[in-house]
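Some notes on the structure that comes next.
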Amino acid sequence: MQQRRELDQVYINRKLLNGQLDTPKWWAPTVTFLGVVVVIGLVVISIMINKGLGVTGLSRPVYWGLFITTFVFWVGISHAGIMISAILRLTQAEWRRPVTRAAELLTVFSLLTALVFPLIHAGRPWRIAYWIMPYDISRGIYPNIRSPLIMDPVAIGTYLTGSTLFLYIALLPDLGNLRDRTTGWQNAMYTVLALGWRGNPRQWKMQTVGGILLSALMLPIFVSVHSIVSWDFAIASAVEGWHSTIFAPYFVIGAVHSGVSAVVTMMALMRWLWKWDDFIRPEHFDALARLLIVVATGWLAFTFLELTFALYGQDAPEIALREMQMFQWPWNMLFIIFFLTAYLIPVPLWLFKRVRNNIAMMFWTSILVNVGMWLERFLIIVPGLARRTPFVYTWEAYRPSGVEWMIFIWAFAWVTFLMLLFSRFFPLVPLFEAKESQVFTDDVMIGRAKVPAIVREAD
Amino acid sequence: MSTQSILGLFHQAEPAADAMDGLKEAGFKLGTFDVLTGTPYPEGAFGEHVPQHRLFRFPAFGAIIGFTLSVFLTAVTQLAYPMVTGGKPILSVFAMLIIMYEMTMLSGVIATVVGIVFESRLPNMKPGIYDTRITEGWIGVVVTFDDDSKVADAESVLNKAGAVEIKHA
């Protein structure tokens with residue numbers, strides 16, 4: 001791993017602020033296109049709210065379909081941020097530096113998107129207010145805090161608030177940098193947002209200590225969020241395929257698998273679109289792929305455990321469900337695609353250094369993982385419900401409607417739109433991290449080999 | 001007497017550290033001079049005063065408040081609408097624990113962020129003398145004094161250390 005180049009701070013500023021100081025040519029047409037998709041999606045959502053859930057494919061017995069699958073998917077993606085940012089920060093992994101901001105951002109925007117799905121899935125979103133914040137003392141009606149419908153918003157709200165604050169605190173030095181490089185209204189905006197940042201030792205110390213402290217605090221939240229989301233299913237004792245004690249760790253590790261893969265996708269796009277070859281290097285993809293091999297294999301172990309525990313009891317409905325998931329059309333086709341894309345294709349490929357260092361390969365394999373991980377959630381949620389009732393004629397009744405697919409597409413456009421909008425005003429790669437890496441890294445000669453060495457403080 | 005400050009700008013860390021040493025030797029008190037950089041340097045790289053902080057108290061304080069509020073919220077909510085389910089106790093401790101945990105953590109995180117901002121001495125809308133080249137890699141040594149007679153001494157120290165430019169405010 002000797003791909004690091006010595007870069008001066010003026011160059012780092014110019015390259016990493018190219019999204020804010022010089023808008024790239026592709027930015028406006030892309031944002032316009034995504035904006036149109038977002039507006040169409042919002043119109044479709046409005047129509048659905050106006051007409052009711054009858055316009056979806058949801059029907060007895062499948063009341064949770066594409067919307068809840070997509071909700072779980074985006075909560076999973078959100079686990080990228082804290083996994084990358086907090087764990088790698090705590091372990092002082094040097095290769096985290098160009099990745100952290102984008103990963104934290106992905107957490108915030110995917111959580112914001114995830115939250116939309118339970119809301120619209122309720123059919124009458126305004127009624128959710130009564131479930132969550134209904135301290136309507138005059139009527140004596142209070143939320144049922146025993147319900148997962150309360151646990152979910154509390155957990156996701158905590159994670160979203162914490163991640164947003166984490167993102168903002170780590171942005172402060174770069175906001176100071178942007179303040180120094182801009183004029184007019186932009187300068188006024190960055191001056192306010194930078195809160196008077198100057199870069200004295202006290203402020204840098206707080207960045208370091210505070211970053212570690214926040215990472216340590218965010219990690220338990222990160223684990224709890226997807227655990228709580230998994231309990232939405234796991235506590236439903238009447239649904240085969242859902243009622244599982246290992247759902248919490250299974251969901252968390254699955255979320256990390258899909259989240260880190262999403263970060264890989266995003267890093268490849270960032271490198272190509274903003275030409276950040278000096279900052280997002282093959283060695284970063286290599287490190288992420290190694291991490292993904294471990295995570296994916298851990299996730300695979302949980303997948304087998306889940307299956308083993310389900311079948312161990314020789315419970316007839318459970319066996320029937322698994323047969324349906326794996327051997328009956330169209331679930332078997334989905335199951336094969338899921339298994340191939342989530343593990344069997346990408347992980348063996350990542351074993352080869354040539355693939356790990358090939359950005360295009362990493363981009364496509366990371367997309368495959370997320371195709372698979374979305375299908376995994378779909379295969380957990382829908383088949384369990386599809387054969388829930390004793391009335392055979394209602395089984396396999398669910399087919400997502402065009403409205404659901406449009407809202408599904410809207411979610412991807414929405415997250416990308418938000419990311420690009422953010423990139424217009426704030427740097428996606430932390431400048432101070434890139435500069436710190438230059439200060440703390442030097443090349444040392446070992447024999448005749450020049451090797452990059454990283455200096456680390458003792459505490 | 002009015003508070004004045006000067007800013008010496010340096011290209012490299014070494015002369016900036018020399019300037020900090022020189023200011024100490026010239027009798028300037030700790031806290032009247034500081035170093036400004038565009039990137040974090042190892043602690044003590046400039047021989048600067050290592051700032052003390054109480055950041056670790058903030059999350060603990062926040063967590064205690066969050067935990068107290070969450071106990072109140074979850075217990076009172078159930079007691080206010082006492083719906084008996086399956087003959088079980090009104091207070092469902094496991095469900096309460098989940099919400100209490102999240103609220104405790106949320107409060108801890110918010111308090112930590114408040115602590116980081118407070119201990120960084122932010123927001124500070126009048127941060128004083130500054131130069132935008134600091135975020136381009138230059139290093140600034142800022143000296144603040146109430147006594148005008150010391151300006152010349154400080155300038156002399158900064159120049160001797162190799163300041164590229166000195167700004168007054």
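The values are calculated or read from the model by the stated rules, or taken from the named source; none is laboratory data. Computed from a prediction, not measured in an experiment: that's the story for all the values here. Glycine also receives a Cβ, built like all others from the backbone with ideal geometry; neighbour counts cover every protein chain displayed.
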Open item on the list: Among the residues of the stretch A:13-24, are any in contact with a Leu (Cβ under 9 Å, 6 or more places away or on another chain) and of a type in the set (Ser, Thr, Tyr)?
Closed with: no
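To keep it simple, each residue is scored yes or no on (1) in a helix (DSSP H, G or I); (2) more than 27 Å from B:GLU48 (Cβ to Cβ).
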| position | (1), (2) |
| --- | --- |
| A:LYS205 | yes, no |
| A:THR208 | yes, no |
| A:GLY211 | yes, no |
| A:LEU214 | yes, no |
| A:PHE222 | yes, yes |
| A:HIS226 | yes, yes |
| A:SER244 | no, yes |
Open item on the list: Take B:GLY31 and tell me if it is exposed (fewer than 15 other Cβ atoms within 10 Å of the Cβ), over 30 Å from A:ASP174 (Cα atoms) and in the same structural domain as B:THR144 (by TED's automatic domain parsing).
Closed with: no
Open item on the list: Criterion first (touching a residue at least 60 places away in the same chain (Cβ under 8 Å) and in contact with a Lys or Arg (Cβ under 9 Å, 6 or more places away or on another chain)) does A:LEU178 satisfy it?
Closed with: no
Open item on the list: Restricting to the stretch A:201-224, name every residue that is within 23 Å of B:THR39 (Cβ to Cβ), surrounded by fewer than 19 Cβ atoms within 10 Å (Cβ to Cβ) and more than 7 Å from chain B (Cβ to nearest Cβ).
Closed with: A:ILE212
TODO: Quickly run through the stretch B:21-42 and pick out the residues that are closer than 27 Å to A:GLU433 by Cα and either in contact with an Asp or Glu (Cβ under 6 Å, 6 or more places away or on another chain) or among the basic types (Lys, Arg) (or both).
DONE: B:VAL35, B:THR39, B:PRO40, B:PRO42
Open item on the list: Suppose we filter the stretch B:40-83 for residues that are among the hydroxyl-bearing types (Ser, Thr, Tyr), within 23 Å of the chain's Cα centre (by Cα) and at pLDDT 90 or above; how many remain?
Closed with: 0
Task: Selection from the stretch B:21-44 of residues that are within 13 Å of another protein chain (Cβ to nearest Cβ), of a type in the set (A, V, I, L, M) and over 15 Å from B:TRP138 (Cβ atoms) - done: B:LEU30
Open item on the list: Being touching a residue at least 40 places away in the same chain (Cβ under 8 Å), outside any loop (DSSP other than H, G, I, E, B) and touching a helix residue (DSSP H, G or I) at 6+ places or on another chain (Cβ under 8 Å) is the requirement here; does A:THR69 meet it?
Closed with: yes
Open item on the list: Suppose we filter the stretch B:1-11 for residues that are within 12 Å of chain A (Cβ to nearest Cβ) and part of a loop (DSSP other than H, G, I, E, B); how many remain?
Closed with: 1
Open item on the list: Among the listed residues B:GLY44, B:GLY66, B:GLY62, identify the single one that is free of Cβ contacts under 8 Å to residues at least 60 places away in the same chain, among the small types (Gly, Ala, Ser) and surrounded by fewer than 23 Cβ atoms within 10 Å (Cβ to Cβ).
Closed with: B:GLY44
Task: Hey, A:LEU105 buried (at least 22 other Cβ atoms within 10 Å of the Cβ), closer than 18 Å to A:ALA268 by Cα, modelled with pLDDT of 90 or more and under 16 Å from the mean Cα position of the chain (by Cα) or not - done: yes
Task: Residue within the stretch B:65-80 that is within 11 Å of chain A (Cβ to nearest Cβ) and not in a helix (DSSP H, G or I) present - done: no
Open item on the list: What pairs come out if I take residues in the stretch B:116-129 that are more than 7 Å from every other protein chain (Cβ to nearest Cβ) and touching a residue at least 60 places away in the same chain (Cβ under 8 Å) and pair them with residues that are crowded, with 16+ Cβ neighbours inside 10 Å and of a type in the set (Ser, Thr, Tyr) whose C-beta lies under 7 Å away, six or more apart or interchain?
Closed with: B:GLY128/B:SER5; B:ILE129/B:SER5
Task: Checklist (1) at positive phi; (2) at the interface with chain A (Cβ under 8 Å from one of its Cβ atoms) applied to B:GLY108, failing item - done: (1)
Open item on the list: Take the conditions under 18 Å from the mean Cα position of the chain (by Cα) and either touching a residue at least 24 places away in the same chain (Cβ under 8 Å) or more than 10 Å from chain A (Cβ to nearest Cβ) (or both) and apply them to B:GLY137. Does it pass?
Closed with: no
- [ ] Evaluate the following for B:LEU97: is it in contact (Cβ under 8 Å) with a residue 12 or more places away in the chain, not acidic (Asp, Glu) and not assigned by TED's automatic domain parsing to the domain that holds B:PHE33?
- [x] no
Task: Elements of type helices (runs of 4 or more DSSP H) in the stretch A:6-65, at least 3 residues being within 26 Å of the chain's Cα centre (by Cα) - done: A:18-21, A:27-51
